[in-house]
Structure formats: C-alpha cells, structure tokens
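S.K.: Here it is: the structure, laid out below.
The values are calculated or read from the model by the stated rules, or taken from the named source; none is laboratory data. Quick caveat, the model's predicted, so the values are computed rather than measured. Neighbour counts are summed over all protein chains in view; Cβ atoms, including those assigned to glycine, are modelled from backbone coordinates with ideal geometry. Just so you know, the surface numbers come from the protein's heavy atoms only, side chains and all, with ligands and any DNA or RNA stripped out. Shrake-Rupley method; radii C 1.70, N 1.55, O 1.52, S 1.80 Å.
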Amino acid sequence: MMGCCVLPNEYTFSAVLPICGGIGVVCNGEQVHCLILKHGFVLDLFVGSALVDMYGKCGNMRLAMKVFDEMPERNLVSWNSMINVFLGNKMYGDAVGVFKEVVGVKCVGMNEVTFSSVLSACGNLGGLDIGRQVHGLVLKYGLVSFGYVKNSVMGMYVKCGFLEDAYKLFRTIEDRDVVTWNVIAMGCVQKGKFREACKFFWDMRCEGISPGEASFSTVLHAAASIAALEQGSMVHNQVIKTGFGCNLRTVNSLINMYAKCGCLADGYRVFDECEGKNVVTWTTMISAFQQHGCAYQAIELFKNMLDEGIKPCYITFVSILSACSHTGRVDEGFYYFNSMSEQHNINPGHQHYACMVDLLCRAGRLGEAKNFVQSMPIEPGASVWGALLGACNRFGNLEMGVEVAKRLFEIEPDNPGNYVLLSNIYTRNGRVKEASERETDPCIWASDIPLGALIRIKKKSFYFVKGLRSCRDDW
C-alpha cells in the first residue's frame, strides 16, 4: 500500500495496530506509531485507543500508559482499552484503579465490556468488597441481562471463594450458556467439590448445551481428583462424540485422568493415538509413568521427546529427575540437571534441587548431598532440607540430622513431621530417652524454635506417631 503511494488514514492504522499487538512484536508497532505521528493521526481517539491496546498486548505498559496519559480526549473505548491492557498484564489493582477513575468521569458511561473486565480484575485480586460494589453498579446500569456480564459476576464470586453467592446467581440465570456452566463447575473444583462439578457437567448435557474445551478439562480434573474411573470413561465417550478427541488440552486431561485413576495403559493409549503432541502432552505422560513407579519408561519417553525435537519445560525436569532418583541413576540425573541451564535455558528451582538431594541421599551419599545444598545459588527451602532430613532418618545420621532439623524448625516451625523424624533418628541411635522427651514435651525444642512459633504450636496441639503409639499433648 505504501509502495503504491496510497496514504493511510485513521481506519488503516486502527486495523493494522491490533495485528501488531496480536503477534506481540513491539518494534513493528513502534514503526506504525511513527507513521501515525508523521501523518498527524495521533490525536484521533480510536487510533490512540488502538495504540494503547497494541503496546499493552506487547507487554510494554510504560508506553501504553504514556500514550493514554497524553491523549487530549478520552472516550469509553479508551478507558476500556486501558482497563483491558492492565488486566492482560495481570496488573489487577491498576485495572480496578482505572475503573474507579471512569466512575468519576460523568461524561463517560460504562458498558458491559467495562464491567466484564473489572469484575475479572476483582476476582483475580480476591477483592470481594469492591467486587460486590461493581455488582451493585451492574444492577444500577441495567446490564445484568447481558449473559457474559452475569458470567463475569459469577466468576468474580468463584475466584473470591464465595461459591454460595455464585450458586445463588446461577439459579437466577435462565438462558445459561456453556460459559455459565463452566464457571460454576470450576468453582466446585476450586472448593474441592468434585462430585458436584461432575453433576453440573451432566446437567449441562441434559439441557442440550454442547461442552467445550474448558468443560472437558474441568470435569476430567474433577474425575481424576476422586479417582472416578467410570465417570472419566463416560466423559471420554463424550469427548469422542463431540469431536474433541484431537484437542490437545482435552487429550492432556484424559491422560492425567486415567493415570490418577490407576489405568496407566489407557492413558498411554490416549497419548499414543494423539497427533501433534506438545510439551504438555509429553510431560503429562512422563509424570504419569514416574508417579506409577515406572521410572525406566519415564526416562525412555523423555529421550523420545528430545529425539522428536520437543523442548522440555520446568515440570518435565522435575519428573525426570525424580525418575532418575528412584532408579539410582546419579550420573544421568546430574547430566539432565546440568542440561537445564546449559542446553534448555531453564533455571533450576527448589523442586529440582530437592530431587537432586534425594538422588544423592538414596545413593547413600549424604555428605555430597549436604555439600550440594550448601553450594546452591538459591536459598534452600523446606523441600530441600526435608529430603536431607528424611535421608538422615533412613541412614541414622544423628549429627547431620540435628543440624538439618534445626534449619527446618526455622523455616516451618509448625510442621510436626520434622520433630517426628528427628525423634526417630534419636531412637535409631539408641538414645530412646531423648527421643521420648522430644515426643512428649514440645517445650524441649524451645532453644530451636522462635517464641512466636512455640505459641502457634501450642494452640494447634501436637501429634506424634511412632510405631503403633500415638501421643497427643494439649499443654
């Protein structure tokens, strides 16, 4: 167009900028911005709004806010664009702040897009109070009849943990769509009400609503959580019937469901029949093998994944390092651990370090494990020290066990399991009296635990279980 000497106008720029935002390449957007300045359309309201949206989608919030602040005039589209870019960049508090500014601008009304966006921000913030106020404004403006506004209100209550309020609103909605059903089912899953989530799915089918990707993902997660194989198999039938058998997200959920229900062969069949597997599909299957104790199969599948040119992710390495740990492959485990940063540009996290400590400990190399922990570039967490304490218990290493336990008492003083492990280590070393004292009198740890932690422990009551004896002291 430019090569043919056809000059762009405001409609051209308004159409091109969303494309730049969609591909997320800010340099292309900046070039278009320069042309906008050159051709004098920077003051156009819709062009300005499109610029805000483009910079926000490219993740450059500094330029998005700069363009918005420099706009001499703003309409509802401009305000909605600013709320949405804050929402898209997970800056929920700022999104709510912009909404409050809109409420104070008398010449700008609010529409269903405004309310839907700010309700999502309130839900993600867990801001029930402001969410209720927004709900009141929805009723005041008469926008409660819009389906996706009602779904947004429901979603806000669900995310804030108030499922009963979401239930009440759900019952008042007559023209429920698939999103309405998905929101209430997701709310049940978040609250651990997995059977109710499954019931909502089948109620939706009875009303003739076709499930979508999110519907299947939610109900399969619910079925997996309660190991309801029959329920999951029936959902699998629906997946095939509705043509979602090739949907990767649904396939991943099916593999996970079968694995959690103990049917590893069925999960592998789904995996094997899947075309165009992504990193999540491979990782789900590798994790399933690892969790079922099939460490050799997990490692072989990981090698196949690398041969297919699939780049592993953070979770993939957690599963494969754990598999190496359970099969005693120390050298291979260290090779994969080092390859994270050297070949795949992934910084190891606490879970990876915990796996490596467990790997060394299972091989009986406690001294190396301790040195490994002390050389970590990040502060060791409870999972890392916990793996080392568990090894001290297995091998009866009292000196190291006491040292490691003191670290854990500082990190998680309210966890009674750490005290039980140290008590067991004393017992293994023939120091039964000291072990018994530490079992029956939590005050014995006063030198190791901060005063505030002792108070919290006292309020909770202590449970210690050793052998067949259980002791509870409410002191």
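S.K.: Rounding to the nearest 10 and keeping the result within 0 to 90°, find how far the Cα-based axis of helix 76-88 lies from the longest principal axis of the chain.
M.R.: 20 degrees
S.K.: Using a Förster distance of 56 angstrom, determine the FRET efficiency expected from the C-beta separation of Gln31 and Glu368, and round it to 0.05.
M.R.: 0.55
S.K.: Is the shape of the range 370-427 best called rounded, prolate or oblate, per the rule: a/c under 1.5 gives rounded, else a/b larger than b/c gives prolate, else oblate, with a ≥ b ≥ c the square roots of the Cα gyration tensor eigenvalues?
M.R.: Cα axes put the range 370-427 in the oblate bin.
S.K.: What does a probe at Glu332 reach in the range 267-306, counting residues whose amide N is under 12 Å from the point 7 Å along Cα→Cβ?
M.R.: 295-304
S.K.: How compact and how long is the range 118-254, expressed as Rg and Dmax of its alpha-carbon atoms in Å?
M.R.: For the range 118-254, the Cα-based Rg and Dmax read 15.4, 47 Å.
S.K.: For all pairs of alpha-carbon atoms in the range 163-242, what percent lies in each bin of width 10 Å, listed from the first bin to the last filled one?
M.R.: Taking all Cα pairs of the range 163-242, the binned fractions are 19, 57, 22, 2 percent.
S.K.: To continue, here is another question. So what's the gap between the Cα centers of the range 172-225 and the range 1-80, to the nearest angstrom?
M.R.: Taking the Cα centre of each part, the range 172-225 and the range 1-80 sit 39 Å apart.
S.K.: OK, next. Give the longest segment of the chain that steers clear of GluC sites (Glu not before Pro) in DSSP loops with at most 13 neighbouring Cβ atoms within 10 Å, not counting the sites themselves.
M.R.: The answer is 309-475.
S.K.: What chymotrypsin sites (Phe, Trp or Tyr not before Pro) in the range 177-236 are in a loop by DSSP, with at most 10 other Cβ atoms within 10 Å of the Cβ?
M.R.: none
S.K.: What relative contact order, as a whole-number percentage, does the chain give when Cα pairs under 8 Å and 6 or more residues apart are counted?
M.R.: 5 percent
S.K.: Further, regarding this structure: With a 1.4 Å probe and every protein chain kept in, tell me what percent of the accessible surface of the chain is carbon plus sulfur.
M.R.: 53 percent
S.K.: Under a 1.4 Å probe, what is the accessible area of the chain per residue, stated in Å²?
M.R.: Averaged over the residues of the chain, the accessible area is 49 Å².
S.K.: List nothing, just return the count: lysine pairs in the range 169-305, 8 or more apart or interchain, with Cα separation under 29 Å.
M.R.: 11
S.K.: Once a ≥ b ≥ c are taken as the square roots of the eigenvalues of the Cα gyration tensor of the range 100-182, is the result rounded (a/c under 1.5), prolate (a/b larger than b/c) or oblate (a/b not larger than b/c)?
M.R.: Oblate shape, in that a/c is at least 1.5 and b/c is the bigger or equal ratio.
S.K.: May I pose another question? Work the Kirkwood hydrodynamic radius out for the chain: mean of 1/r over every pair of different alpha-carbon atoms, inverted, in Å.
M.R.: 26.9 Å
S.K.: Can I ask one more? Tabulate in residue order the Karplus-calculated ³J(HN,Hα) for the range 136-141, using 6.51 cos²θ - 1.76 cosθ + 1.60 with θ = phi - 60°, rounded to whole Hz; enter x for Gly and Pro.
M.R.: Those phi angles translate into x, 5, 4, 5, 4, 7 Hz.
S.K.: Helix 10-23 versus the longest principal axis of the chain: what is the Cα-based angle in degrees, 0 to 90, to the nearest 10?
M.R.: 10 degrees
S.K.: Another question, then. Dividing the alpha-carbon radius of gyration of the range 208-286 by 2.2 N^0.38 Å (N being the number of residues), what value is obtained?
M.R.: 0.97
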